[in-house]
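**Student:** Have a look at this one.
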Amino acid sequence: MFPAFPIGATIPSILIACAQSGGLTSVHQRVSGLPLQPAPSVWYFHDKPDALVRHVFAGAFTLHELLQHHTVSPIHLSLIAHSRLADVTGPELWALCRYQSNHRLIDSSMRLCPQCVEEDTIKFGSGHWRREHQIKAVQICTKHLTVLHDQCASEKCNTRFTSGGHILPGQPCPSCHSTETSGPQIGSISAGYLAFCKLFTDALIMRIPELDAEYRFNPIDLPKLLCGGNLEMFEKMLERWIGDQFGVISSECAAAMDFLRSPFLVAQRGSIMPPLMLLAAFNRDLFGVPPEGDMVRWVDRA
């Protein structure tokens, strides 16, 4: 029997909750039925949803349900040409993104929103690691507008949260048993950074048309529209828009400027999504949602 958990709980969070509720003996339970010797543990498959569906979850999920609701794979769908998505639904839709690597988007540490933890504890009996809180460049909860916590707040501990800790948010720190948590000091949250984070997390549930192959080169016109093509001036505009959080996403800003200088070269990189998302959020803040921005929610295509 599987415990209740929210839409958006990460796969590691689901596995930990299952182990704590008795649905699994532990996250180190061995998986039978695989041609692997010695038999791997359940935790070995925390980033292998195909194998989890077949050998661990025993019909509790379909593969596309797991990808749609509990991974950041949906974000990759916005990179796929809309013409390819037009007639694709259900499992075929999620097959388009299932083989995309999520490691470029997900942080190695784990982060939580204290308010979300409180709400999950009331509704589901425990806190959960949320997928929208693990996106590298997104260090705030866009629902509660608070900085995400990534470590124990005990002065003698300060242990950072990692998936290897095998605890759920709100549970005692394995090192010092404190339940107090803290996050980085990133300054007052700017409207620009919030817009960027919100667009990134919105991509989990809906199409972001600016990332589509048909439209992704449109931002190269922004410097010309705003400052006569002067890239240095445009970069300063972007920095001011991001405000106090410029240090948080400085690498994304640098990649965005690289894209504007050499769009076709940079577009081949596997890490093109964050800078495209940044430029799309900046453009939307100035000019609104583009005409091709009709809302397409992934749940409607399931």
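**Student:** Just checking, which of LEU112, LEU145, LEU105 is buried (at least 16 other Cβ atoms within 10 Å of the Cβ) and modelled with pLDDT of 95 or more?
**Tutor:** Values: LEU145 fails: buried (at least 16 other Cβ atoms within 10 Å of the Cβ); LEU105 fails: modelled with pLDDT of 95 or more.
Criteria check complete, one pass: LEU112.
**Student:** Sticking with this one: Report every pair of residues separated by at least 6 positions or lying on different chains whose Cβ atoms are under 9 Å apart, first residue within the range 163-184 and over 20 Å from PRO6 (Cβ atoms) and in contact (Cβ under 8 Å) with a residue 40 or more places away in the chain, second acidic (Asp, Glu) and buried (at least 17 other Cβ atoms within 10 Å of the Cβ).
**Tutor:** As it stands, the answer is GLY183/ASP150; PRO184/ASP150, since those pairs meet every condition given.
**Student:** While we're looking at this one, here's another question. Inspect the range 224-241 for any residue being hydrophobic (A, V, I, L, M, F, W, C) and not in a helix (DSSP H, G or I) and give the result as yes or no.
**Tutor:** Start the filter on the range 224-241 by keeping residues that are hydrophobic (A, V, I, L, M, F, W, C), which leaves 225-227, 231, 233-234, 237-238, 241.
Restricting the remaining residues to those that are not in a helix (DSSP H, G or I) gives none.
Within the range 224-241, not a single residue is hydrophobic (A, V, I, L, M, F, W, C) and not in a helix (DSSP H, G or I).
**Student:** For the list (1) within 22 Å of ILE186 (Cα to Cα); (2) outside any helix (DSSP H, G or I), I need the number of the one condition that VAL289 fails.
**Tutor:** For VAL289, the exception is condition (1).
**Student:** Out of GLY33, GLY22, which single residue is of a type outside the set (A, V, I, L, M, F, W, C), touching a His at 6+ places or on another chain (Cβ under 6 Å), free of Cβ contacts under 8 Å to residues at least 24 places away in the same chain and surrounded by fewer than 16 Cβ atoms within 10 Å (Cβ to Cβ)? First the steps, then the outcome.
**Tutor:** Working: GLY22 fails: touching a His at 6+ places or on another chain (Cβ under 6 Å).
Only one candidate qualifies: GLY33.
**Student:** What about LEU52, is it among the hydrophobic types (A, V, I, L, M, F, W, C), under 23 Å from ALA95 (Cα atoms) and buried (at least 16 other Cβ atoms within 10 Å of the Cβ)? Can you show your working first?
**Tutor:** On the way: among the hydrophobic types (A, V, I, L, M, F, W, C): yes; under 23 Å from ALA95 (Cα atoms): yes; buried (at least 16 other Cβ atoms within 10 Å of the Cβ): yes.
Yes, satisfied.
**Student:** Let me ask another. For the range 148-157, how many residues are surrounded by fewer than 17 Cβ atoms within 10 Å (Cβ to Cβ) and in contact (Cβ under 8 Å) with a residue 24 or more places away in the chain?
**Tutor:** If we filter the range 148-157 for residues that are surrounded by fewer than 17 Cβ atoms within 10 Å (Cβ to Cβ), which is where we start, we get 153, 155-157.
Pick out the ones that are also in contact (Cβ under 8 Å) with a residue 24 or more places away in the chain and you get 153.
Qualifying residue count for the region: 1.
**Student:** Would a scan of the range 155-162 turn up a residue that is more than 21 Å from the chain's Cα centre (by Cα), part of a loop (DSSP other than H, G, I, E, B) and under 19 Å from VAL27 (Cβ atoms)? It would help to see each step written out before you state the result.
**Tutor:** Residues of the range 155-162 that are more than 21 Å from the chain's Cα centre (by Cα), as a first pass: 155-159.
After this cut, where a residue has to be part of a loop (DSSP other than H, G, I, E, B) as well, the list is 155-159.
Add one more test, that the residue is under 19 Å from VAL27 (Cβ atoms), and what stays is 159.
Within the range 155-162 (the criterion being more than 21 Å from the chain's Cα centre (by Cα), part of a loop (DSSP other than H, G, I, E, B) and under 19 Å from VAL27 (Cβ atoms)), the answer is yes, since at least one residue qualifies.
**Student:** Which residue is nearest to the chain's Cα centre (by Cα), if the candidates are limited to the range 168-203 and must be assigned to a loop (DSSP other than H, G, I, E, B), crowded, with 20+ Cβ neighbours inside 10 Å and of a type in the set (A, V, I, L, M, F, W, C)? Steps first, please.
**Tutor:** Start the filter on the range 168-203 by keeping residues that are assigned to a loop (DSSP other than H, G, I, E, B), which leaves 168-180, 183-190, 203.
Imposing the further condition that a residue be crowded, with 20+ Cβ neighbours inside 10 Å reduces the set to 168-169, 173, 203.
Checking which are of a type in the set (A, V, I, L, M, F, W, C) leaves us with 168, 173, 203.
On the way: LEU168: 18, CYS173: 24, ALA203: 9 Å.
Ranking the qualifying residues of the range 168-203, first place goes to ALA203.
**Student:** Only one residue in SER78, SER109, SER83 is over 24 Å from PRO169 (Cβ atoms) and within 15 Å of the chain's Cα centre (by Cα). Which one? Outline the logic, then answer.
**Tutor:** Numbers: SER109 fails: over 24 Å from PRO169 (Cβ atoms); SER83 fails: within 15 Å of the chain's Cα centre (by Cα).
Selected residue: SER78, the only one of SER78, SER109, SER83 that is over 24 Å from PRO169 (Cβ atoms) and within 15 Å of the chain's Cα centre (by Cα).
**Student:** Moving on to the next point. Looking only at the range 144-154, which residues are assigned to a loop (DSSP other than H, G, I, E, B) and farther than 29 Å from MET277 by Cβ? Outline the logic, then answer.
**Tutor:** The initial filter retains those residues of the range 144-154 that are assigned to a loop (DSSP other than H, G, I, E, B), namely 144-145, 148, 150, 153-154.
Scanning the range 144-154 gives ALA153, SER154.
**Student:** Only residues that are of a type in the set (A, V, I, L, M, F, W, C), farther than 17 Å from LEU194 by Cβ and not in a loop (DSSP other than H, G, I, E, B): list them for the range 91-143, please. Outline the logic, then answer.
**Tutor:** Step one: list which residues in the range 91-143 are of a type in the set (A, V, I, L, M, F, W, C), which gives 93-97, 105-106, 110, 112-113, 116-117, 122, 124, 129, 135, 137-138, 140-141.
In the following step, the residues that additionally are farther than 17 Å from LEU194 by Cβ were identified as 93-97, 105-106, 110, 112, 117, 122, 124, 129.
Matches in the range 91-143: LEU93, TRP94, ALA95, ILE106, LEU112, VAL117, ILE122, PHE124.
**Student:** Pick out the one residue from ILE80, ILE75 that is surrounded by fewer than 21 Cβ atoms within 10 Å (Cβ to Cβ), hydrophobic (A, V, I, L, M, F, W, C) and modelled with pLDDT of 85 or more. Show your work before the answer.
**Tutor:** Numbers: ILE75 fails: surrounded by fewer than 21 Cβ atoms within 10 Å (Cβ to Cβ).
Just one listed residue meets the conditions, ILE80.
**Student:** Select from the range 242-286 the residues that are of a type in the set (S, T, N, Q) and in a helix (DSSP H, G or I) and list them in ascending order.
**Tutor:** GLN245, SER250, SER251, ASN283
The values are calculated or read from the model by the stated rules, or taken from the named source; none is laboratory data. All of these numbers come straight from a predicted model, not from anything done at the bench. Heads up, the Cβs are rebuilt from the backbone with ideal geometry, glycines too, and the neighbour counts pull from every protein chain shown.
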